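Comments concern the structure below.
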Amino acid sequence: MTSRDPIQAPWPRKKTATVMAGCLALLFLVAAGLPLTAQAANLEVLAPTPSSIIYARKPATHIIVRLSGEDEKSLGQLRIRSGDILFSPQGSWSANNSHFVHYQVPLKPGENSFEVLPAGKKISVKYRPLRSLLNVDFDAKGVFLFHRDELLPQNCTPCHDPKKIKTGNGVSNEPQPLCISCHKSVLENVSWQHSPALNTQCLSCHQKEGQPLKVTIPGGKVETVCFRCHTAKKAWLGKAHIHGPVGTGDCTVCHNPHGDNNHSQLWADGKAELCVACHTDKKTLLQKEGGPKRIHGILTGAGCIACHDPHATQNQFQLTKPINELCTSCHTSLAGITRGHPVGGHPVEGVKDPRRPERMFACTSCHNPHGSGYKFLLIGDILGGHVCSQCHY
Ligand code: HEC
Ligand code: HEC
Ligand code: HEC
Ligand code: HEC
Ligand code: HEC
Ligand code: HEC
Ligand code: HEC
Ligand code: HEC
Ligand code: HEC
Ligand code: HEC
């Protein structure tokens, strides 16, 4: 652990392995009963506030501890303990006769307890993973919002200088290196980064309306934030069939606003894996075991989005085309027919479906588009005429 000049310092990144080795050594020292001098009295936890609820997408938070006075020796011993794991600081810097010791610690859903060693100060916080913003009340008592009252507490400003914020008229699209001095981690370990986050235009989404120096989380209908730049996508809301979460304005239930490991900053593969996370009844379609005997070939390739648009279309079930047109765009031998399949003169559209009175006849009157237990993805066994007898008694 080193003391460095504020901000210019390169971040001392440690490999987990060395941190763990350090942990073991320290545990040994503790066990051997060596005198540990840091006193609770001159040690203060600046963030997070104890017993608060932390909502975040990434299961991690920062702990910032201030050690007053010149006590270099105890500084060298400071660790955070969570269960059997000890965390070394990411770095420590000095200003105003105090040391500011910085940690980044992982969180698990629910209760998390930490102890600052050797002083014995306890920190406990509740972690609730954040994905949809719809049901989160950020104004609720006990929710930890670091920027709730002011941009930054005075404690931080000797090194993280808020004068570096570049505001504009209205929402600021300026790059904000200040934010990144504390929030590098929102951009780390992701392979698909969202352009405005990568360019550190953090305030383009996080600036409180009309208050350039207030940071907020854009809760509720996050779509208004997204449509400010993706203006052409507003057209989705005028379509006849809007996908559930798009209709409620919950874009970030699928897209990570900063970046993630899948195409389009999705937190799971958007072709199919993402879909079955909510449409759990369709999960077995993607598994080797437990699903229907026959699976529509396209599912394991292009996936659900071969047929469904994740946002909105003019067709029922957000299909990219009307059903028969969709099917015959791949099964071209049947393209354009209204009659003549599976037997001469048989309609494939244009009449009412006797099995589904509210629907018109379509390829899906006889075929299940996802998978089925029967040959040719039929809704019944073709042997013995079982499929025919669903409509013809
Ligand atoms: C001095 C360090 C620091 C700076 C500078 C900073 N933040 Fe934070 N911010 C934090 C800490 C600490 C938290 C609590 C969560 C955590 O531990 O990461 C936080 C939380 C947040 C949150 C969650 C809501 C909240 O209020 O807790 C948002 C959003 C956020 N910061 C955005 C920003 C943006 C945008 C900027 C630049 C204008 C910025 N931050 C600058 C330290 C900082
Ligand atoms: C004495 C100087 C100093 C003070 C005071 C200080 N910090 Fe820092 N902090 C730094 C430096 C230097 C860095 C590394 C910046 C970099 O890597 O660009 C840093 C980095 C951070 C990070 C990023 C850690 C990471 O994951 O990369 C966070 C979060 C942070 N500070 C929060 C705070 C908070 C909150 C306060 C006030 C309670 C505070 N700091 C006060 C010097 C300071
Ligand atoms: C495109 C809009 C957008 C941009 C740009 C953006 N954010 Fe966010 N950010 C959000 C939304 C929406 C949330 C709410 C949580 C979620 O959906 O992940 C959020 C949540 C956060 C949080 C809360 C903790 C968490 O992980 O959920 C932090 C911290 C944060 N943003 C920091 C930043 C920083 C720093 C930048 C600039 C590098 C930035 N954001 C850029 C939209 C944005
Ligand atoms: C400040 C402007 C801005 C805001 C606000 C914004 N975006 Fe973006 N977004 C961009 C830019 C610029 C790109 C990269 C250019 C492109 O591909 O269109 C991009 C790209 C994307 C992409 C990838 C596009 C692709 O073709 O791969 C997705 C997905 C996306 N944004 C979703 C969102 C969501 C969801 C929100 C709201 C949480 C949002 N954006 C808010 C500017 C913005
Ligand atoms: C149900 C999950 C889901 C929701 C909710 C969702 N998206 Fe998407 N989005 C996707 C998937 C999946 C893709 C990739 C589609 C592809 O690869 O063809 C995508 C692609 C995109 C793209 C890039 C491709 C394009 O069409 O230009 C943008 C931009 C985008 N989404 C913005 C948004 C915005 C804005 C919202 C909220 C109004 C939103 N998304 C809501 C799943 C979702
Ligand atoms: C965050 C959860 C979520 C994800 C992820 C999700 N959906 Fe949905 N989906 C919904 C909700 C909610 C509805 C609306 C259900 C309703 O109205 O009964 C819906 C409706 C649908 C419908 C219409 C169902 C009907 O009976 O009208 C289709 C089709 C659909 N989703 C396909 C997809 C596809 C394809 C994906 C992946 C790209 C996907 N969904 C991802 C939540 C999700
Ligand atoms: C080959 C095209 C195709 C593919 C691929 C596809 N679907 Fe469908 N899906 C359809 C059609 C067509 C319908 C309408 C069925 C009907 O008319 O009865 C439908 C209906 C649905 C419905 C509403 C009715 C129901 O069965 O619950 C949901 C939800 C749905 N699909 C989700 C998915 C998901 C999730 C995936 C990926 C695992 C997927 N679909 C893959 C074509 C497809
Ligand atoms: C994006 C292209 C695509 C679309 C759209 C599509 N399919 Fe397919 N379909 C395939 C592929 C690929 C196979 C697997 C071919 C194989 O196994 O020989 C397949 C197989 C089938 C089979 C089984 C054929 C056999 O010999 O067992 C049937 C039946 C079928 N599809 C019907 C439909 C219906 C009905 C629709 C519309 C709801 C549809 N398909 C939409 C690509 C598509
Ligand atoms: C009245 C019920 C019925 C309707 C409607 C129907 N099919 Fe079929 N389909 C069958 C039966 C039965 C078979 C079994 C093979 C056979 O006897 O030709 C079959 C076989 C198939 C096959 C696999 C064998 C082949 O010919 O390649 C495909 C692909 C197919 N249908 C696609 C479609 C498409 C696309 C539509 C809509 C345009 C459609 N079906 C509408 C009953 C139907
Ligand atoms: C989903 C319901 C449905 C299924 C399953 C179905 N049919 Fe039909 N069938 C119809 C309807 C509707 C008509 C048109 C009746 C009318 O014109 O009033 C029709 C018409 C026919 C006709 C008369 C065609 C003509 O030239 O007018 C024959 C023959 C026939 N079906 C045989 C079959 C056979 C064989 C099967 C099984 C392979 C089958 N159908 C499966 C609904 C179905």
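Please treat every number below as a calculation from the coordinates, not as lab data. Source: prediction; values computed, not measured. Positions of Cβ are backbone-derived with ideal geometry, glycine not excepted, and every protein chain shown enters the neighbour counts.
Here the residues 392, 331, ranked from fewest to most Cβ neighbours within 10 Å of their Cβ, fall in the order 392, 331.
Mind counting lysine pairs for me in the range 161-267? Cα separation below 16 Å, and the two need to be 8 or more apart along the chain or on different chains. Number of lysine pairs found: 7. Sorting 163, 282 by the number of Cβ atoms found within 10 Å of their own Cβ, with the fewest placed first, yields 163, 282. Annotation: amide H-H contacts under 5 Å for residue 61 (H modelled 1.01 Å from N, sequence separation of 5 or more, or interchain): 105, 107. Among 131, 355, the order by Cβ neighbours within 10 angstrom, fewest to most, reads 355, 131.
Helix-only arithmetic for the chain: the sum of -39500 (n - 2.57) across DSSP H runs with n ≥ 4, divided by the residue total, places the mean residue ellipticity at 222 nm at -4000 deg cm²/dmol. Centre-to-centre separation between the Cα atoms of the range 48-123 and those of the range 188-206: 26 Å. The angle between the Cα long axis of helix 16-31 and the main principal axis of the chain comes to about 50°, on a 0 to 90 degree scale.
At full extension, residue 157 and residue 332 could sit 56.4 nm farther apart than now, given 0.36 nm per residue minus the alpha carbon distance. Length gained on full extension, residue 102 to residue 49: 17.6 nm, using 0.36 nm per residue less the C-alpha separation.
Excluding same-chain neighbours fewer than eight residues apart, the aspartates and glutamates reachable from residue 282 by a Cα-Cα span under 14 Å are 273. If the label point is 7 Å along Cα→Cβ of residue 264, which residues in the range 198-238 have backbone nitrogen under 18 Å from it? Those under the cut-off are 222-238. Whole-Hz Karplus values for the range 371-387 come out as x, 7, x, 10, 3, 6, 6, 6, 7, x, 6, 6, 5, x, x, 4, 5 Hz, taken residue by residue from phi with 6.51 cos²θ - 1.76 cosθ + 1.60 and θ = phi - 60°; glycine and proline positions read x. Label the range 281-390 by shape, choosing from rounded, prolate and oblate, from the square roots a ≥ b ≥ c of the eigenvalues of the Cα gyration tensor; if a/c is under 1.5 it is rounded, and otherwise prolate applies when a/b is larger than b/c, oblate when it is not. Cα axes put the range 281-390 in the oblate bin.
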